[in-house]
Amino acid sequence: MSEKNSFWEWLGYTRTPNWGKARGLGGFVGATALLVALALFVASIAIIAKFVFAAVSVGTNSEDVQNLGLLLGAILGAPFVAWRSLATKNRLTLQNKFT
């Protein structure tokens, strides 16, 4: 056994994955991501409709409107938080590469 192999490589974890070994998994992951995105889109449309209905109706508790607005902001803001963290990671990787 070579000394350069680590425990993690022995378990099958490598720095660069071999995507050719799991071709069928790509379609499954893509379909799952699409279904999650579609579910979030439908949920946000339903929350927007409920938010507008609660805002214009008389006698609605203001806490309900506030909670719906916070939920809507969280659903719509989550992709931007993920994008920002990935962009920061990529920037730091490049910065460390060239310093």
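How about region 85-99: which of its residues are of a type in the set (F, W, Y) and either in a helix (DSSP H, G or I) or touching a residue at least 12 places away in the same chain (Cβ under 8 Å) (or both)? It would help to see each step written out before you state the result.
Initial filter on region 85-99 (of a type in the set (F, W, Y)): 98.
Those that are of a type in the set (F, W, Y) and either in a helix (DSSP H, G or I) or touching a residue at least 12 places away in the same chain (Cβ under 8 Å) (or both): none in region 85-99.
Report the residue count in region 58-81 for those that are among the polar types (S, T, N, Q) and surrounded by 10 or more Cβ atoms within 10 Å (Cβ to Cβ).
3
Under 7 Å between Cβ atoms, which residue pairs at least 6 apart in sequence (or on different chains) link something in region 73-84 that is closer than 15 Å to I45 by Cβ with a partner that is surrounded by fewer than 10 Cβ atoms within 10 Å (Cβ to Cβ) and at pLDDT 90 or above?
none
Might you let me know whether region 46-64 holds any residue that is without any contact (Cβ under 8 Å) to a residue 24 or more places away in the chain and at positive phi?
So in region 46-64, the residues without any contact (Cβ under 8 Å) to a residue 24 or more places away in the chain come out as 46, 49-64.
Retained after the next criterion (residues that are at positive phi): 59.
Yes; the residues of region 46-64 include at least one that is without any contact (Cβ under 8 Å) to a residue 24 or more places away in the chain and at positive phi.
Every residue in region 45-56 that is surrounded by 10 or more Cβ atoms within 10 Å (Cβ to Cβ) and of a type outside the set (D, E, K, R), please.
Passing the criteria: I45, A46, I47, I48, A49, F51, V52, F53, A54, A55.
Kindly check whether there is at least one residue in region 57-66 that is modelled with pLDDT under 80, outside any helix (DSSP H, G or I) and in contact with a helix residue (DSSP H, G or I) (Cβ under 8 Å, 6 or more places away or on another chain).
Yes, region 57-66 contains at least one residue that is modelled with pLDDT under 80, outside any helix (DSSP H, G or I) and in contact with a helix residue (DSSP H, G or I) (Cβ under 8 Å, 6 or more places away or on another chain).
Let me spell it out: the conditions are (1) at pLDDT below 85; (2) of a type in the set (S, T, N, Q); (3) under 22 Å from the mean Cα position of the chain (by Cα), and S85 meets all of them except one. Which number is the exception?
Evaluating S85 over (1) at pLDDT below 85; (2) of a type in the set (S, T, N, Q); (3) under 22 Å from the mean Cα position of the chain (by Cα) leaves (1) as the failure.
Given the condition closer than 30 Å to G12 by Cβ and part of a helix (DSSP H, G or I), answer yes or no: does some residue in region 69-82 qualify? Full working, then the answer.
Step one: filter region 69-82 for residues closer than 30 Å to G12 by Cβ, giving 82.
Imposing the further condition that a residue be part of a helix (DSSP H, G or I) reduces the set to 82.
For region 69-82, residues closer than 30 Å to G12 by Cβ and part of a helix (DSSP H, G or I): present.
Charged (D, E, K, R), assigned to a helix (DSSP H, G or I), more than 13 Å from the chain's Cα centre (by Cα) and surrounded by 11 or more Cβ atoms within 10 Å (Cβ to Cβ) - does that describe any residue in region 23-44?
No, because not a single residue in region 23-44 is charged (D, E, K, R), assigned to a helix (DSSP H, G or I), more than 13 Å from the chain's Cα centre (by Cα) and surrounded by 11 or more Cβ atoms within 10 Å (Cβ to Cβ).
The values are calculated or read from the model by the stated rules, or taken from the named source; none is laboratory data. Only a predicted model underlies this, so the values are computations on that prediction, with no experimental measurement involved. With ideal geometry, Cβ positions are generated from the backbone for all residues, glycine too; neighbour counts draw on all protein chains shown.
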